[in-house]
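A short write-up of the structure that comes next.
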Amino acid sequence: MGAIFQYIPGFRSNVKWKKIIASIYYIIALLMLFSSWSVGLVFLSGPFFLFSIMDLITHKKSTKPLIKVLLPLAMSLVIMVIGFAILHKHHQKICLINKR
């Protein structure tokens, strides 16, 4: 279980205040997931995407293999794109209904 936490933003450095802030954020994102699937996906994947980009930028100074930096970036990007696609599709339905 501890190996999983090294990939989750807010839990990677094992600093208590970061864990608290991350826990609050992820609870709010999960609540958003229940209210709107697309918004929840975007908010859950957001920190992974942003911190993966930061890891990629600082990769030369790190000893991490490149695949451990690129895999979370690619996965979070795919999830974020799916969330935006669902949101766009839902928005189009609402626009069509409002035109009638």
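The values are calculated or read from the model by the stated rules, or taken from the named source; none is laboratory data. Predicted model, so just to flag it, every value in this text is computed and none were measured. Reconstructed Cβ throughout: ideal geometry from the backbone, glycine too, with neighbour counts over all protein chains shown. Heavy atoms of the whole protein, side chains included, go into the accessibility calculation; ligands, DNA and RNA do not. Shrake-Rupley method; radii C 1.70, N 1.55, O 1.52, S 1.80 Å.
Within the assembled protein chains, the solvent-accessible surface assigned to residue 24 is about 100 Å², based on a 1.4 Å probe. Dividing the mean sequence gap of close Cα pairs (under 8 Å, 6+ apart) by how many residues the chain holds gives a relative contact order of 25 percent.
From its DSSP helices (H runs of at least four residues, each -39,500 (n - 2.57)), the chain gives a residue-normalised ellipticity at 222 nm of -27000 deg cm²/dmol. Taking trypsin sites (Lys or Arg not before Pro) across the range 1-62, the ones in a DSSP loop with at most 15 further Cβ atoms lying within 10 angstrom of their Cβ are 12. Shape analysis of the range 1-60 places it in the oblate category; the axes a ≥ b ≥ c from the Cα gyration tensor give an a/c of at least 1.5, with a/b not above b/c.
Rounded to the nearest Hz, the phi-derived 3J(HN,Hα) couplings of the range 85-94 under the Karplus curve 6.51 cos²θ - 1.76 cosθ + 1.60 (θ = phi - 60°) are 5, 5, 4, 5, 4, 5, 5, 5, 4, 5, where x marks glycine and proline. In plain terms, the C-alpha convex hull of the chain casts an average shadow of 7.7 nm² when viewed from every direction. For the range 66-77, the Karplus equation 6.51 cos²θ - 1.76 cosθ + 1.60, evaluated at θ = phi - 60°, returns couplings of 4, 5, 6, 8, 6, 4, x, 4, 5, 5, 5, 5 Hz by residue, with Gly and Pro reported as x.
For the chain, the longest principal axis of the alpha carbon atoms and the long axis of helix 37-57 meet at an angle near 30°.
Net charge in the neighbourhood of residue 11 (other residues with Cβ under 13 Å of its Cβ; Lys, Arg +1, Asp, Glu -1) is +4.
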